[in-house]
Amino acid sequence: MPIARYKNGNTTVTIDLTDGTRWMETEDDDFKLDFPVSIDVNIGNRCDGSCPFCYINASHDGINADLMHQFWVHTLHPYTEIAINGNSVDHPQLEAFLRQLADKRVIANMTVNQIHFERKEQLIRRLIDDGLVNGLGISLRKATPEFVAKVKTIPNAVIHTINGILTAEDLETLRDNDLKLLILGYKHLGRGVGYSEENDLLLKARQKYLYDVLPTLPDHFKVISFDNLALEQLDVRRILTDGEWAEFYQGDEGSLSMYIDLVSGKFGVSSLCSEAEMHPIMDSIEEMFKVVKKESGND
């Protein structure tokens, strides 16, 4: 299998380029990195998905960020992982941006909404076949057998869902299909605030259901992963042994990752940052990561 290996501070990072599996090793007690291993990048908030809980308030009248005049991109290290979000398939500069990343041997992963996946399936498959997109995240709207069949034909596809939005019916359709599932925490940001106020009982019922069935899920999916917010909301630590937690957990927010919002022109520790916690984008990824590590207590 094709492997990428590089040194980052006191850490050796190894990535299986076939399926995206990442290993991090250090002889010290903690990872001390010079630059981020992964970066979440929001490239736009123009979207017709109309998700009622959208944390970035994306809309028909939103903005597509300028992707081709980002100086910090030229300071990225090979095999850094970039997770592109923000209705990416409708961004007019997407392919040029992906080619710029590929020229730097940056690993580009992309998240699209299920409705855009189904609408732009040919484009997405071409980007994957051309080696411009390594991993594909698909934000679930409604699980159907037809959708599951399509996802199973894309080796590096991961279905993204949200704690409190995922239903028992969706989970029943998804399970036992050798699928990869990423569970995200519910963000009380943007439209997520109003949605949670209007649907409090429904959200809590779905979250309790997922909390209760979580210990059984690893037997029904090829891979299950979580963002840090979901780890906290679902108390994932309770279902793992000490050895499993030490093996799988790769650090708190800001220890190996960061967030860049190209629409606002700002960066921060994560997408959970308030406006006051965000900073104007700098010219160097190392400069920005120093700020992120300091603010997250990982310097």
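Just one of LEU76, LEU17 is closer than 16 Å to LEU256 by Cα and among the hydrophobic types (A, V, I, L, M, F, W, C); which is it?
Just one listed residue meets the conditions, LEU76.
Give me the residue from region 242-282 that is among the acidic types (Asp, Glu) and over 22 Å from ASN64 (Cβ atoms) and, out of that set, surrounded by the fewest Cβ atoms within 10 Å (Cβ to Cβ).
Within region 242-282, the match that is surrounded by the fewest Cβ atoms within 10 Å (Cβ to Cβ) is ASP242.
Quick one: what pairs do we get from region 195-209, first residue touching a residue at least 40 places away in the same chain (Cβ under 8 Å), second in a helix (DSSP H, G or I), C-beta under 6 Å, 6+ apart or different chains?
Close Cβ pairs satisfying both conditions: SER196/LEU203; TYR209/ALA168.
Does any residue in region 76-100 that is among the β-branched types (Val, Ile, Thr) come within less than 8 Å, Cβ to Cβ, of a residue that is surrounded by fewer than 18 Cβ atoms within 10 Å (Cβ to Cβ) and in a strand (DSSP E or B) six or more places away or on a different chain, and which pairs are these?
Every condition considered, the pairs that remain are THR80/SER38; ILE82/SER38.
Is there a residue being among the hydrophobic types (A, V, I, L, M, F, W, C), surrounded by fewer than 17 Cβ atoms within 10 Å (Cβ to Cβ) and free of Cβ contacts under 8 Å to residues at least 40 places away in the same chain anywhere in region 22-31?
Checked against the condition, which is being among the hydrophobic types (A, V, I, L, M, F, W, C), surrounded by fewer than 17 Cβ atoms within 10 Å (Cβ to Cβ) and free of Cβ contacts under 8 Å to residues at least 40 places away in the same chain, region 22-31 yields at least one hit.
Just to be sure, is LYS180 touching a Lys or Arg at 6+ places or on another chain (Cβ under 6 Å) and not aromatic (Phe, Trp, Tyr)?
yes
I'd like to check something: does region 170-178 contain any residue that is touching a helix residue (DSSP H, G or I) at 6+ places or on another chain (Cβ under 6 Å) and either touching a residue at least 60 places away in the same chain (Cβ under 8 Å) or over 22 Å from ILE82 (Cβ atoms) (or both)?
yes
The conditions are (1) within 19 Å of MET288 (Cα to Cα); (2) touching a helix residue (DSSP H, G or I) at 6+ places or on another chain (Cβ under 6 Å), and PRO52 fails exactly one of them. Which is it?
Only one criterion in (1) within 19 Å of MET288 (Cα to Cα); (2) touching a helix residue (DSSP H, G or I) at 6+ places or on another chain (Cβ under 6 Å) is unmet by PRO52, namely (1).
Would you say ALA143 is surrounded by 12 or more Cβ atoms within 10 Å (Cβ to Cβ), farther than 23 Å from ILE15 by Cβ and more than 17 Å from the chain's Cα centre (by Cα)?
Answer is yes for this residue.
Only one residue in TYR186, TYR195, TYR211 is surrounded by fewer than 16 Cβ atoms within 10 Å (Cβ to Cβ) and aromatic (Phe, Trp, Tyr), so which one is that?
Going through TYR186, TYR195, TYR211 in turn, the sole match is TYR211.
Yes or no: ILE128 closer than 19 Å to ILE82 by Cβ and surrounded by 20 or more Cβ atoms within 10 Å (Cβ to Cβ)?
no
Taking ASN10 as the residue in question, decide whether it is over 19 Å from TYR259 (Cβ atoms) and either at pLDDT 95 or above or not aromatic (Phe, Trp, Tyr) (or both). Show your work before the answer.
Numbers: over 19 Å from TYR259 (Cβ atoms): yes; either at pLDDT 95 or above or not aromatic (Phe, Trp, Tyr) (or both): yes.
Judged against the criteria, ASN10 is a match.
The values are calculated or read from the model by the stated rules, or taken from the named source; none is laboratory data. A quick note: this is a predicted structure, and the numbers were derived from the prediction, not measured. Cβ coordinates were reconstructed from backbone atoms using ideal geometry, including for glycine residues, and neighbour counts include every protein chain displayed.
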